[in-house]
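Single-structure report; data block below.
Only the coordinates and a few stated rules stand behind these numbers; no lab work does. This is a predicted model, so every value here is computed, not measured. All Cβ positions, even for glycine, are placed from backbone atoms using ideal geometry, and neighbour counts span all protein chains on display.
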Amino acid sequence: MLNTLRLLLAPLALLTIAACASTASAPSMFGEWNVSAIEGTPVMEGSPAFLRFNDDGSVSGNAGVNRLQGSWTIEDDVFKIGPLAVTRMAGPEPLMDQETRLLAAIDKVCCFGVEEGDLVLSDMDGAEVVRAAPRPASE
């Protein structure tokens, strides 16, 4: 039943979040996105951080060192990512710090849009918390 509900909500999600979009038509978040900035700070060069949004309500990706998976929902016009399950491997301190910032930023997300081809995740005040570029198919 949950999968049926998610399938029914996916098209509604695109209509609901159109108000968050900076483009005239409803953007699509579905697909893979390389994280390029967290709260306005560019990610480290070569960062493996990416997010994959699926139309079944699932999200997965890499937070920088660790893999993540979970769900996304839209409830009362609020776009929410999570809860997320994240692996617990250690890595280089700069990547671990970046990962911590990314996961904290994802917790603030309530809206998304597509600006100049980038996925922009925003907080309740409309501030950009995560920016991501389309991920090439070969990655």
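Here each label is just a point 7 Å from Cα along the line to Cβ, and for Asp107 and Thr73 those points are 1.8 nm apart. Among Val35, Val109, a tally of other beta-carbon atoms within 10 Å of each Cβ gives an order, fewest to most, of Val109, Val35.
Count Lys and Arg as plus one, Asp and Glu as minus one, and take only other residues whose Cβ is under 9 Å from that of Val86; the net charge is then +1. Which net charge results for the neighbourhood of Glu99, defined as the other residues with beta-carbon distances under 12 angstrom from its beta-carbon, given Lys and Arg at +1 and Asp and Glu at -1? Within the 12 Å Cβ shell, the charges total +1. Taking other C-beta atoms within 10 angstrom as a stand-in for reagent exposure, Glu128, Glu45, Glu116 fall in the order Glu45, Glu116, Glu128, fewest first. Note on Ala133 and Glu93: their simple-model spin labels are 2.9 nm apart, each label 7 Å out from Cα toward Cβ.
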